[in-house]
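Below is one structure, written out as structure tokens; the observations come after it.
The values are calculated or read from the model by the stated rules, or taken from the named source; none is laboratory data. What you see is a predicted model, and the numbers here were worked out from it, not measured in a lab. Reconstructed Cβ throughout: ideal geometry from the backbone, glycine too, with neighbour counts over all protein chains shown.
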Amino acid sequence: MGRYWNEKIECMAREDMKRLQSERLVAQVKHVWDNVPYYRKLMEEKGVAPEDIKGLEDLHKLPFLTKADLRDAYPYGLLAKPLADCVRIQSTSGTTGRRVVAFYTQHDLDLWEDCCARAITAAGGTNEDVCQVCYGYGLFTGGPGLNGGSHKVGCLTLPMSSGNTERQIQFMRDLGSTILCCTPSYAAYIGETLHDMGYGPDDIKLKAGIFGAEPWTEEMRHEIERLLGIKAYDIYGLTETSGPGVSFECEEQTGMHINEDHFIAEIIDPDTGEVLPEGSKGELVFTSITKEAFPLLRYRTRDICVLTRKKCSCGRTLVKMSKPMGRSDDMLIIKGVNVFPSQIESVLLKMSNTTPNYQIVVDRVGSVDTFEIKVELSDEMFSDTIRSVEELEKKISSDIQGILGIRAKISLVEPKSIPRSEGKAVRVIDRRKLH
């Protein structure tokens, strides 16, 4: 059986967890009502008061919060504790310019780091491990979250941040890093650079990686596992609810366990807001039931996924969420068709003669959308004949059309000509002015 950071919680019986969630929800609603005028107003507009929330079964009565609310209440409008009790902020860029700022008390930080410790332990981490954290530090939650989780577990922590890839590899080799934490695109880049430097998986001690902060497919997982000789685990979170560690993958690798003692998850219909039954695909909504400074109730993540309570071989009873299958907002609509970048990635990663680096370029000429996908060739393919390159273009084009139902212009470009990202990969360039 897998090892647990907090076996009592991670393997808790469903009824006990529901009871714990209900108690915490009731207390949190009262805390927010008493201390956040902005949310109290939303509740009053919906005709709901704290005494109407007696447990989990009443959650649906509460109003939703969205990114727009975070923008309107910026910076202090959703704060539920005096500033004197707050010890840190983390921040992320908002979708429309104004930043999302989240506040933390020391207690909030402890709980967040605890969630990250669960993720590291689920990936096989112990106090014997060397954990290399190459997520960005600073305002971005990736670095600080995994850094704190790694400390809790007792790993030797290398707070590398991202960038300077050759130095990353030097430290990885010299200090014998066993766990790597970064974005999947940066993990793939580290793997490529390792090979360019003449090394392979046998020259490093890595055994596991914890990758998140951007969408990635199963094909990309296998590619990273091959390049680095590791098992690659997914982690999920958002600044608004604390950061990474809201959910994490176990060795089964079939979805991420949500830390239900801290976050209640719902799936809703993104159009109607109706709560959907378990197993339905819809928009993920989170309620923070232990956060003190910045507790968001029924926050719409815009991530599309499925929740399942199917028994897991790791022994954890925490509900599982699938990998996000796209978003209800950054989805591209091209020629009236909904396009998720992950659909394109899954086609490209099945090709043996391209690399997992690509860029989608969307533009509008007159009133017609143009749709181009730039794909990097492998070194071998780049030196091949023009005819075989043309055949590959045709093959990718027909596979993409098979999945999306629309045709894309495929441009095969030379190896390493698409800019590598050391943070989040810029996969989409949308030049249309969609006002």
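Do the conditions hold for residue 385, that is, is it modelled with pLDDT under 95 and touching a strand residue (DSSP E or B) at 6+ places or on another chain (Cβ under 9 Å)? Spell out how you get there, then give the answer.
Numbers: modelled with pLDDT under 95: yes; touching a strand residue (DSSP E or B) at 6+ places or on another chain (Cβ under 9 Å): no.
Answer is no for this residue.
For segment 218-243, a residue qualifies if it is out of contact with any strand residue (DSSP E or B) (no Cβ under 9 Å at 6 or more places or on another chain) and more than 14 Å from residue 179 (Cα to Cα), and the qualifying residues are 218, 226, 227.
Taking segment 159-171 as the region of interest, how many residues are in contact (Cβ under 8 Å) with a residue 40 or more places away in the chain and in contact with a helix residue (DSSP H, G or I) (Cβ under 8 Å, 6 or more places away or on another chain)? The number of residues fulfilling the criteria is 2. Restricting attention to segment 397-419, does a residue exist that is among the charged types (D, E, K, R), in a strand (DSSP E or B) and modelled with pLDDT of 90 or more? Looking through segment 397-419, at least one residue is among the charged types (D, E, K, R), in a strand (DSSP E or B) and modelled with pLDDT of 90 or more.
A single member of 243, 237, 255 is surrounded by 21 or more Cβ atoms within 10 Å (Cβ to Cβ), under 14 Å from residue 117 (Cβ atoms) and either outside the structural domain of residue 108 (by TED's automatic domain parsing) or out of contact with any Pro (no Cβ under 6 Å at 6 or more places or on another chain) (or both), and it is 243. Those helices (runs of 4 or more DSSP H) of segment 1-116 in which 2 or more residues are closer than 19 Å to residue 318 by Cβ occupy 7-10, 14-35. Residues in segment 361-370 that are within 27 Å of the chain's Cα centre (by Cα) and surrounded by fewer than 20 Cβ atoms within 10 Å (Cβ to Cβ): 1 in all. Within segment 332-373, being small (Gly, Ala, Ser) and either in contact with a strand residue (DSSP E or B) (Cβ under 8 Å, 6 or more places away or on another chain) or closer than 19 Å to residue 183 by Cα (or both) holds for 342, 346. Taking the criterion of being assigned to a strand (DSSP E or B) and in contact with a Cys (Cβ under 9 Å, 6 or more places away or on another chain), the residues of segment 248-262 that qualify are 248, 256, 257.
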